[in-house]
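Some notes on the structure that comes next.
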Amino acid sequence: MKTICALCPHHCALEPGQAGLCHARKNEDGKIISTNYGRLTALALDPIEKKPLCRFHPGSWILSVGSYGCNLKCPFCQNYEISMKGMEADTLEVSPEELVRQALEAAKKPRGNLGLAFTYNEPLVGYEYVFRCAQLAKEAGLLTVVVTNGMICEEPLCALLPFVDAMNIDLKCFTESGYEKLGGSLETVRHTIELAVSACHVEVTTLAVPGFSDSVEEMDAEAQWLASIDRAIPLHITRCFPRYRMQDGQPTPVSTVKQLCETAGQYLQYVYAGNC
């Protein structure tokens with residue numbers, strides 16, 4: 001008998017033992033479980049600006065955590081080595097309690113540590129682990145950051161937001177047809193941004209992919225929409241490098257990134273060029 005995963009808009013209907021599109025959730029005896037719970041592919045103390053978050057405790061460091069899996073299929077994925085893998089990924093087992101303990105230990109060192117950042121792959125496909133870690137982090141006085149593609153349903157998002165202090169949300173492009181090519185939904189991501197802005201600090205990132213998300217007209221519409229929510233939402237427009245299934249392409253010209261930044265800057269107070 002199939003069981004439906006209610007985490008994201010794909011609503012994968014899974015046979016017993018079958019994994020979802022994200023490669024990180026499966027039907028186990030009629031219950032949807034996270035196969036990547038506590039399984040980390042990356043653990044590093046990073047500058048907060050690397051998330052990127054430029055207006056949330058600038059100059060600070062944060063313990064950054066990655067697992068495997070993603071519920072989009074971007075051909076230009078910059079972290080495809082872990083985001084596109086499933087249970088075969090090389091991982092280290094770290095419980096939520098142990099992760100928070102390590103975060104507290106890092107906070108005692110000279111660099112300090114704000115808390116936990118869930119990043120590198122799409123962290124919310126491992127929702128249960130992120131949720132539990134965020135709960136424990138808040139109890140311990142640590143901050144929680146989530147770097148996400150925003151492809152999550154409203155109910156689980158709203159349950160998580162009270163435990164999240166900041167989010168960086170990828171806005172891959174600003175057309176529904178563009179999102180369809182990635183296996184996603186612009187409407188869903190827009191709604192995620194709107195809900196998150198009302199609950200925590202939010203910054204948005206758009207990867208300027210040549211021929212996909214690098215048009216001035218589309219950036220004009222995107223920036224106007226973000227400004228209609230709040231002109232102070234920081235927007236990161238990031239240079240794309242050939243990766244994954246687009247390795248034969250060319251990096252985004254720096255001039256293109258600067259032009260897009262100028263366009264967005266007509267509407268938004270804080271616009272940052274990334275990877276330039």
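For region 237-246, check the following and say yes or no: at least one residue is modelled with pLDDT of 95 or more and not hydrophobic (A, V, I, L, M, F, W, C).
yes
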Open item on the list: Considering only region 140-154, I want to know if a residue exists there that is assigned to a helix (DSSP H, G or I) and free of Cβ contacts under 8 Å to residues at least 60 places away in the same chain.
Closed with: yes
Task: Which numbered condition V130 fails, given (1) assigned to a strand (DSSP E or B); (2) within 30 Å of K181 (Cα to Cα) - done: (1)
Open item on the list: So, in region 104-122, exactly how many residues are among the aliphatic types (A, V, I, L, M) and within 25 Å of Q78 (Cβ to Cβ)?
Closed with: 3
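Give region 161-205 a look and list any residue that's part of a loop (DSSP other than H, G, I, E, B), under 14 Å from M151 (Cβ atoms) and not aliphatic (A, V, I, L, M), or say none.
Once the filter is applied, which keeps residues that are part of a loop (DSSP other than H, G, I, E, B), under 14 Å from M151 (Cβ atoms) and not aliphatic (A, V, I, L, M), region 161-205 yields K172, C173, G183, G184, S185.
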Open item on the list: Need pairs with beta-carbon distance below 9 Å; first residue loosely packed, with under 14 Cβ neighbours inside 10 Å and within region 11-32, second among the aliphatic types (A, V, I, L, M); sequence gap 6+ or separate chains.
Closed with: H11/I4; A13/I4; E15/M1; P16/M1; G30/M1
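Residue-by-condition table, conditions (1) more than 14 Å from the chain's Cα centre (by Cα); (2) under 23 Å from P58 (Cβ atoms); (3) buried (at least 18 other Cβ atoms within 10 Å of the Cβ):
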residue: A159; (1), (2), (3): yes, no, no
residue: D170; (1), (2), (3): no, yes, yes
residue: E187; (1), (2), (3): yes, no, no
residue: V202; (1), (2), (3): no, yes, yes
residue: T205; (1), (2), (3): no, yes, yes
residue: E222; (1), (2), (3): yes, no, yes
residue: I229; (1), (2), (3): yes, yes, no
residue: I233; (1), (2), (3): yes, yes, yes
residue: H236; (1), (2), (3): no, yes, yes
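The values are calculated or read from the model by the stated rules, or taken from the named source; none is laboratory data. Just so it is clear, the model here is predicted, and its values are computed rather than measured. Here the Cβ is made from the backbone with ideal geometry for all residues, glycine too, and neighbour counts use every protein chain on show.
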